[in-house]
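Asker: To start, I am sharing the structure in question, which I have written as structure tokens.
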Amino acid sequence: MRADAIMTAPVHVVAANENIAHARNLMLKHKISRLPVMENECLTGMITKKDIGYRLRQTEPHWRRRPIDHIPVSVLMTCDPVTVGPETGVAELAGIMIEWDISGLPVMEDTSLIGIVTKSDLMKSAMVGKLTTKVEDVMEDAITVSRYHSLDHVIDLMRERNDKVIVVNNDGTLAGIITESNLAFYLYETERRELPQTDVKILRRGEPGGKKTFRYVFEASAIAEDLMSRPVVAISPGESLSDAVKMMRDQHVNSMVVLEGTDIKGILKRDDIIREVAQ
């Protein structure tokens, strides 16, 4: 199967001089994660929800924390994105995405943008439906944070590991998950363009059945539980990848936490499945 058989077309695009708020609104409206950047009908870059999400870090210099409607796309976009031709096969597409750690490939015919192939498009291909590998054979170790960890800590961890993070309760049980979408689409500014403040309080250890009391810990602009998704779609380690793919499609998610009872065993991501296709 070729790129032109599974690509999405026509493609939603944005101009380099348009602002990040406009790009984010386009992504929300059309339920997409990336936009090719065009200038004079030429492809010059790519802007993704990850690019937008990572700029939320609030310990950056003040000049880098401008409201997103004051930041042009050109500041955050990736220039000269990797592209493919319409004849590129599915296995090669998967290999390119894994090699370059990207989730979308513009499809070019000569100098014209005719479509885009995303990881979501690959997940619909016939090759994915034929996978018989078990979840436990391809899942990855889970990166966890407390529900009280700050937004800055979450972003630093996601940047460092280039991964999603699982949010856990005090007893280590599953509370939620934070993805690039949570970061990019988090409404983090008040009407006065100030960061909302959160008083972080943690439940004190008390007597069973007694009155719950809390202790004040610190004040933060946002914490993990403010932007995490819940409930979380989970799967058991013994399930097949083909069943996992069906669940991802049905639930419209790109990753699932692997649970055995209430124990977190790992995380299964779309990348893990695409890596199998590339092989």
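Asker: Could you list all residues from segment 114-130 that are within 11 Å of residue 277 (Cα to Cα) and either hydrophobic (A, V, I, L, M, F, W, C) or free of Cβ contacts under 8 Å to residues at least 40 places away in the same chain (or both)?
Answerer: Hits for segment 114-130 are 122, 123, 126, 127, 128.
Asker: Filter segment 42-63 down to residues that are at pLDDT below 80 and over 22 Å from the mean Cα position of the chain (by Cα) and give me whichever is most open to solvent (accessible area, probe 1.4 Å).
Answerer: Within segment 42-63, the first condition is being at pLDDT below 80, and the residues that meet it are 54-63.
Still in the running and over 22 Å from the mean Cα position of the chain (by Cα): 61-63.
Values: 61: 61, 62: 142, 63: 167 Å².
Once the filter is applied, the top-ranked residue is 63.
Asker: While we're here: Note down all Cβ pairs under 7 Å where the first residue falls in segment 1-24 and is part of a loop (DSSP other than H, G, I, E, B), the second is among the charged types (D, E, K, R) and surrounded by 19 or more Cβ atoms within 10 Å (Cβ to Cβ), and they're at least six residues apart or on different chains.
Answerer: Partner pairs satisfying both residue conditions: 7/121.
Asker: Could you pull out the residue among 133, 111 that is open to solvent by less than 60 Å² (accessible area, probe 1.4 Å) and touching a residue at least 40 places away in the same chain (Cβ under 8 Å)? Steps first, answer last, please.
Answerer: Numbers: 111 fails: open to solvent by less than 60 Å² (accessible area, probe 1.4 Å).
It is 133.
Asker: Separate question: Look at segment 64-96 and say how many of its residues are surrounded by 16 or more Cβ atoms within 10 Å (Cβ to Cβ), more than 21 Å from residue 10 (Cβ to Cβ), touching a residue at least 60 places away in the same chain (Cβ under 8 Å) and in contact with a strand residue (DSSP E or B) (Cβ under 7 Å, 6 or more places away or on another chain).
Answerer: 0
The values are calculated or read from the model by the stated rules, or taken from the named source; none is laboratory data. Remember, it's a predicted structure, so these values are computed and weren't measured experimentally. Here the Cβ is made from the backbone with ideal geometry for all residues, glycine too, and neighbour counts use every protein chain on show. To get the accessible areas, we keep the full protein, side chains included, count just its heavy atoms, and leave off ligands, DNA and RNA. Shrake-Rupley method; radii C 1.70, N 1.55, O 1.52, S 1.80 Å.
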